[in-house]
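Enquirer: Quick one: the structure is below, and I'll ask about it shortly.
Derivation of every value follows stated rules applied to the coordinates shown; laboratory data play no part. Model, not experiment: these values are computed from the prediction. Here Cβ is always computed from backbone atoms with ideal geometry, including for glycine, and neighbour counts include all displayed protein chains.
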Amino acid sequence: MHVARTGALAAALIAIVLLAGCSGDPAFTSGKVYLGQQNYEKAIEQLHEAIRNNPGAWQPHLYLGMAYADTDNLEMAHDEFFTALDLAEKESDKETVEGQIMRYWLIYDKQGEQYNEATKYANAIEQFEKAIIIDARQPDAYINLGYALHMSNQVDRAVEVFEQALEQSPDNEVLVENLTNVYGTKAGNLAAMGDYQQALVNFEKIEVIAADYPDLMYNIALMHYQLKNYREALTYYGKQLALDDEDEDVLYRSFLCYWALAGDLTDLGQEDLASDEYTAALTPLLKLVELADDNVTYHRALMRVYNELGMENEALLEVRKIEQLLTGETGE
């Protein structure tokens, strides 16, 4: 799982240009002075007065946002920053506002990254949440927040965060990788608890965004098998075999699917259709004995299929092969 890293911005981004639009308003001038003195109560009071005096001006909103951000009133800071951004008409003015939004966003994002690196995930979560309050448009904070949540075993919430971020940045490869990993963790946890249906849902979500995820076809097939969706399981085992046609585990599980299908059909009195499934089971089994001729389990399965198909001579040959293998294993 990767953690996004936000590069340092140029000092010019952090600096505030002298703003002229409300320079003739004593309330605005006083608000800036109080802000510089860190007298936030007076600064906020004067800047509100400046907004009343100049309701269409963007500058007082920007400075008021800074005052709120410096006092950790982040929701109010967000509202003032984006009001300033909406009111600013010149591109250069918008860039000034964006610079301040980024400055405060970086403060929390960088602190969160430091906590992530120190494995202090609870602290990291707090900082990334603050970064998102300041500016919810930045995907990196979501990636890092989701990572911290995942690492602190808050899997459901990590999924929500990554999914929300993916809506904004569908082509972000780091985000997709992190989301697939957390889907995988959630699916594994659900499967371990026996909730194969919901585990399948999460594996299928991975298939939508990252079909090349390791062993994905195998895991989807396994969930279908556990749910007794044998035909669907075979479809996905086939996709896994297309990647590696000598995967003994997948070949054997394919046999188990055909065996189960044949058994269900036999129970329904459909012996002809059951025979077709037993015949299909021969393909993975013959491949298995070709790959591992000394495996007693494979020969026993092959013997059982031959018996079901009435292939007595072939079944007898398998019996003899099993005896030879067992004799060799026991040293007799």
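Enquirer: Given +1 on the Cβ of Lys and Arg, -1 on the Cβ of Asp and Glu, and no further charges, what dipole in debye does the chain carry about its Cα centre, rounded to the nearest 20?
Expert: 1260
Enquirer: Order the peptides 265-273, 224-232 from the highest to the lowest mean number of other Cβ atoms within 10 Å of their residues.
Expert: Order by mean packing, descending: 224-232, 265-273.
Enquirer: Once you order the gyration tensor axes a ≥ b ≥ c over the Cα atoms, which shape class does segment 21-89 get: rounded for a/c under 1.5, otherwise prolate or oblate by comparing a/b with b/c?
Expert: Oblate shape, in that a/c is at least 1.5 and b/c is the bigger or equal ratio.
Enquirer: In addition: Order of 169-182, 131-144 by packing, highest average Cβ count within 10 Å first?
Expert: Per-residue mean Cβ counts within 10 Å order the peptides as 131-144, 169-182.
Enquirer: Calculate for the chain the 222 nm mean residue ellipticity that helices alone would give, adding -39,500 (n - 2.57) per DSSP H run of length 4 or more and normalising by residue count, nearest 500 deg cm²/dmol.
Expert: Calculated from helices alone, the mean residue ellipticity at 222 nm is -25000 deg cm²/dmol.
Enquirer: Now for a separate question. For helix 296-308, report the angle its Cα long axis makes with the longest principal axis of the Cα atoms of the chain; keep it between 0 and 90° and round to the nearest 10°.
Expert: Once rounded, the angle reads 60 degrees.
Enquirer: Quick check for segment 106-210: number of Lys pairs with alpha-carbon distance under 20 Å, counting only pairs 8 or more apart or on different chains?
Expert: So the count of such lysine pairs works out to 4.
Enquirer: Tally Lys and Arg at +1 and Asp and Glu at -1 over the other residues with C-beta under 13 Å from the C-beta of residue 149: what net charge comes out?
Expert: Result for the neighbourhood of residue 149: -3.
Enquirer: If we count every other residue with Cβ under 12 angstrom of residue 159's Cβ, Lys/Arg +1 and Asp/Glu -1, where does the sum land?
Expert: After counting each charged neighbour, the total is 0.
Enquirer: May I ask you to list the aspartates and glutamates whose Cα is less than 16 Å away from that of residue 228, ignoring any residue fewer than eight positions away on the same chain?
Expert: Within the straight-line cut-off, residue 228 pairs with 195, 264, 267, 277.
Enquirer: Moving on to the next point. I'd like the orientation of helix 248-267 relative to the chain: the angle between its Cα long axis and the longest Cα principal axis, in ° from 0 to 90, rounded to 10.
Expert: Around 70 degrees separate the two axes.
Enquirer: Could you size up the charge dipole of segment 106-210 around its Cα centre, putting +1 on the beta carbon of Lys and Arg and -1 on that of Asp and Glu, and report it in debye to the nearest 20?
Expert: 280
Enquirer: Where the centroid of each part is defined by its Cα atoms, how far is segment 227-276 from segment 77-134 in Å?
Expert: 54
Enquirer: Okay, moving on. Starting from the Cα of residue 92, step 7 Å along the direction of its Cβ; do the same at residue 245; then give the gap between the two resulting points in nm.
Expert: 6.9
Enquirer: If I fit a long axis through the Cα atoms of helix 59-70 and take the longest principal axis of the Cα atoms of the chain, what angle between them do I get, 0 to 90°, rounded to 10?
Expert: Once rounded, one gets 60 degrees.
Enquirer: To continue, here is another question. When ranked by the protection proxy of mean other Cβ atoms within 10 Å per residue, highest first, what sequence do the peptides 97-108, 205-216 form?
Expert: Per-residue mean Cβ counts within 10 Å order the peptides as 97-108, 205-216.
Enquirer: Here are a few candidate values for Cα extents along the principal axes in Å: (1) 69, 44, 38; (2) 67, 53, 35; (3) 105, 44, 31. Which one was actually calculated from the structure I just gave you?
Expert: (3)
Enquirer: Let me ask another. Run the numbers for residue 317 and residue 157: contour at 0.36 nm per residue of separation, minus the present Cα-Cα distance, in nm.
Expert: Stretched fully, the residue 317-residue 157 segment lengthens by 51.9 nm.
Enquirer: Rounded to the nearest 0.05, what FRET efficiency do residue 110 and residue 197 give with R0 = 35 Å and r taken as the Cβ-Cβ distance? Could you check?
Expert: 0.25
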